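In what follows, a structure is listed as C-alpha cells, so that the remarks can point back to it.
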Amino acid sequence: MTERKAPFARVSGFKIVQAKCVMVIETAWAAFWPVAALAAAFLTISLLGLWRLAPGAVHAAALLGLAAGFGVLLWRGASRMAWPRRTDALARLEEDGGLRHQPLQVLEDAPLAAAPEAETLWRVHTTRAAKAARAARVGRPRALVDAADPLRLRVAAGLALVASLYLVGGEAGPRLAEALRPNFDPAAGERVRLDAWLSPPAYTGAAPIYLARADGAGIETAKAPEGSVLSLRVTGAARPPRIVYETAEDAVDIAAAAAGPDSYAADIDIAASGTLTLRSRGLGGRWSIDVAPDAAPSAAFAGAPAATERGALRLAFSAADDYGVAAARLRLKLAPDQARPLDAPAVSDTALQDVFETEISIPEGRKEGDYAVDVDLTEHPWAGMEVEASVVVVDGKGQEGATAPETATLPEREFYYPLAKAVIEERRNLAVAPEAWPRTVRAFDALTAHAELFAATPTEHLLLRAAYWRVRFSEGAELDEAIERFWSLALQLEDGDLSLARRALEAALEALRAGIERNAPTDEISELIADARQAMDRYLKAMAAAAEAGELAEMEADGAPMSQTDLSQMLDAIKELTELGSRSAAEEMLAQLQDILNNLQMTAGGPGGEGGSGGQGESPAADALSELGDLIGRQRRLADETFERGQTGEGAEGSRGEGAAGDLAEGQGDLQGALQELMEALSQLPADGGAGEALGQAGDAMGEAGAALGAGDFDAAGAAQGEAVEALREGAMALARQMMEDMNGGEGGEGQARGPGTDPAGRPLNGLNDPGNQVDVPDVFDIERARALLEELRRRAGERGRSREELEYIERLLQQF
C-alpha cells in the first residue's frame, strides 16, 4: 500500500513555531540562568563601586576569572540546549490545549492503501480529529528553571541589581566604565571625590568659580579677583591629600584639615597668580589660577568746594573703582599761613597737624560716577577758617584714593548777639591755639566782671561764668569738652531755647531714620516716633515763643508755614507705613518731613494764634473751608467703617437687603444733607473757584453710596465713598485757591507774603506746578485699605492648597511691601 495524506491533515505552521519558541525559552532560561545571575552579580558589584576597594591586580584577575566563568557557563548551557522537533511541538500543543487521543498526531498521519470502506472510516476519524485540533494552543513558558535553581539565586541577583541601580542614579555609566578599567595604582582601592572652587570677595559681586566638581565638571584655568579664597574638599580619602600652590616666587605645601571621616578640607587665600597641584590616592589635578589685581579707587574734584545758600559746603567730585566705591569721607586740615585777626592768637603747629574726617553719604557700588554732596560743618570749631579739603573714597577691600587738596573757607553761622559772637570767637581760638587758653580765661573774666554791662539776664551771666571756670580749671588740658559745650552756649545765647530744641529735634529724627533703615521692630519705631513728636512739639513751641518776642519776624517774608497738625499727621503716616512693612515709603516721607522742618518758618503769632491763618470765623469762605474739612473727616471715618464691615462678611449675599447696613446708610444720608447745606452757603459767595461743581459731584457719589448701603452692597458703597472723598478734596482745594486770589487782590501785602499758589496754611495748592514742594500724606482710609490688603495677601499665601502659579504671584506681591 502507498502512503497517502488527507488534504486537510496539516496543523497550522504558526502554532508549531509558537510552541517551539516557548519550548526554546524554557530550555534556554533553565540552561543559561547561571550566566544571567553571574552578570547581575558583576553589575551590582560595579555599580556599588566595590572594585575601588580591590588593588588593580586583583581587579584584573577577577575580570579574567569572570570572563572564564562566563565562557564555561555559556558552553555548559549550550550543551544542554536542544531545538525541539515537530513532534515535540505537536505534543506540547495537545498537552497545553487539553486534547485527548493525540488529534494533532492523527492529522499528521495517513493510512496505507486499503479498501474504500477503510478510507471512508479514516476520513471520518480525521474529521473528528480536525475538530478537536481547533482547541490546540500553547500556554505560558514553564518554570523548568525551578528544578535547576531551587535556592532562587537568580531572584536574589536580580533584586540586588535593581537596588544598586536605584542607589547610584546617574552615576551608573561612569561606574560601569570604571569596572572595566583596572587601576594598577597602589592607592586604587580608595573612593575619592574632589570639589574645588574659588570664592571672590563679596564686595566684587562676582560668582564662585568651580575648578573641579565631583560630577567631573570644571575648568583647568581660572581668572579670579585679588583676595579670592580657594576652597578644596576631598572625600573618600584614607589619608590627607598633598596640596601645593606654586607661584613665581616659591611653592607652598598646604595642609588639609580633617573635616570628617575620610574627608579633608583646605581654604587658601590666593594673593598671587600660580599653579595648584593636588595629589590624593586615586585622584590628582593641576589648575592654573590668574589673579586679577584690585586697583585702588581714584577721585578728583570737579570744582573747588564752595558754600551753599544754606551754609553747607558743596563737594562736587568724581570717583571710580574697578569693583565699585563703597564709602567716602571728607578730610580737612587747617591751611597754613592764613590771615588771622590782629587780636587773635596764631594757629599753633599742633593744630596744623590735626586732621578732621567725617563720613559723607554716597550711593554704594558704583564703579564710576559724579557726585555732589552738601556737608554741614557750621558746628565745627574751624568754621570760618581756611582749610585744605580733600575727599577720600574707599573700595570694598579698604583701599583708599583721595582727591588733590583744595583750599576752601568753611561756611560759618552768623551770630548777631555780641555775647554769642564772643563765645564763638573764643571757641575758635581754643581749637586752633590751645596753648593760649589763659587769654580765653581773661576774656570770659572780663565779660563777667560787670554783669550789668554785658549780660542781659542773670541766666546769661551764670552761663558765661560757668564757661570761665571750665576753661580755668582745665588749665589747657582736655579742652575738647569745653569746645563742644561752647557751641551749645552760643546757640542758647543767640536763640534761647529755640536752637537747643532744634538740635534735639534733629537728633530724634535721625534716630528715627536709623531705626527705619535697620528694620527695627514696630514697638521701637513707635517709641522713636513718640520721641520725635515730643521733640517737634518743643521745637514748635520754642519757635512760637521766639516769634512772639519779635526775634523771627524777618522770616515771614519767605515763609510758607504749616500747621502742627500737618506735621503730626506725617509722623502718624510714617508709623502706619512702617507697620505695613513699606519701609522705603516711610523713609521717603521722613525725608520730606525733615525738608519741611528745615524750611519751616513761622509768623509772629504762631500757628493758630493771632496773625496766623488757622483761625475760624475770619470770613464766610474760611468758615466754609473749615466745615468742608470736617465733612471730609466724617466721610473718611464712614468709609473706614464700611470697609471694615465688608471685611467681616456682613456684606455677604445672605445679609443683603433692608437693614443690612441701615445705620451706615442713615449716616451717609446725614452727610449728604450737611453737604447740601454747605453748598447753599457757598452759593451766597461772589465766587467759589469751581468748588460748587466739585461738591455737586461729591453729593452724587454720596447718594450712590447711600443706595448701595441700603442694598447691603459694601463694595459698591466703598467705591462711591472713595469718589466722594476725592471730590470733597477737589472742592476744598478750589475754595482755598479762590480765597487766596481774593486775599491777593484785596489785602495786598499779607496775601503776597504767603506767596501765590499756596493755601492759608502756606501749603502748595497745585503740586503739578511745583512737585518739589508738594507733600502727599496718605489719609487714614488709604492706609487702612492697604493694611487690609496686606493681611489678606498674607492669609492667602498661607493656604497651601492654592496652585503654584497663584502662590508665586502672591509672593511677588508681598515682596513689594
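Quick notes on this one:
- Top-ranked residue of region 321-355 - restricted to ones that are among the β-branched types (Val, Ile, Thr) and surrounded by 11 or more Cβ atoms within 10 Å (Cβ to Cβ), ranked as nearest to the chain's Cα centre (by Cα): VAL325
- Hits in region 515-542 (condition: open to solvent by less than 40 Å² (accessible area, probe 1.4 Å), within 16 Å of GLU587 (Cβ to Cβ) and in a helix (DSSP H, G or I)): GLY515, ILE516, ILE525, LEU528, ILE529, ALA532
- Residues that are within 19 Å of PRO150 (Cα to Cα) and out of contact with any helix residue (DSSP H, G or I) (no Cβ under 7 Å at 6 or more places or on another chain), drawn from region 17-38: ILE25, GLU26, THR27, ALA28
- Here ALA302, ALA383, ALA316 are screened, and the one residue that is without any contact (Cβ under 8 Å) to a residue 60 or more places away in the chain, among the aliphatic types (A, V, I, L, M), surrounded by fewer than 17 Cβ atoms within 10 Å (Cβ to Cβ) and farther than 30 Å from PRO225 by Cα is ALA316.
- The residues of region 25-44 that are modelled with pLDDT of 85 or more and either within 55 Å of the chain's Cα centre (by Cα) or more than 25 Å from ALA172 (Cβ to Cβ) (or both), listed by number, are ALA40, ALA41, PHE42, LEU43, THR44.
- Qualifying positions in region 700-721 - buried (at least 20 other Cβ atoms within 10 Å of the Cβ) and either in a helix (DSSP H, G or I) or modelled with pLDDT of 85 or more (or both): ALA701, MET702, ALA705, GLY706, ALA708, LEU709, GLY710, PHE714, ALA717, GLY718, ALA720, GLN721
- Test result for ILE289, within 30 Å of TYR210 (Cα to Cα), in contact (Cβ under 8 Å) with a residue 60 or more places away in the chain and either open to solvent by 70 Å² or more (accessible area, probe 1.4 Å) or in contact with a strand residue (DSSP E or B) (Cβ under 6 Å, 6 or more places away or on another chain) (or both): yes
- Annotation note: Cβ proximity below 7 Å between a residue of region 572-585 that is farther than 15 Å from ALA532 by Cβ and a residue that is at pLDDT 70 or above (sequence gap 6+ or interchain) occurs for GLU579/THR522; ARG583/ILE516; ARG583/ASN519; ALA585/LEU577.
- Selection count, region 388-397, where residues are open to solvent by 50 Å² or more (accessible area, probe 1.4 Å) and part of a strand (DSSP E or B): 1
- The listed residue being of a type in the set (Ser, Thr, Tyr) and modelled with pLDDT of 65 or more, out of SER582, SER613, SER619: SER582
- Subset of region 406-416 [assigned to a loop (DSSP other than H, G, I, E, B) and buried (at least 16 other Cβ atoms within 10 Å of the Cβ)]: LEU410, PRO411, GLU412, ARG413, PHE415
- Residue check, GLY365 on the phi < 0 side of the Ramachandran plot and at pLDDT below 90: no
The values are calculated or read from the model by the stated rules, or taken from the named source; none is laboratory data. As the structure is a computational prediction, the values presented were derived from the model and not from experiment. Glycine gets a Cβ as well: all are built from the backbone with ideal geometry, and neighbour counts include every protein chain shown. The area values use the complete protein model at the heavy-atom level, side chains included, leaving out ligands, DNA and RNA. Shrake-Rupley method; radii C 1.70, N 1.55, O 1.52, S 1.80 Å.
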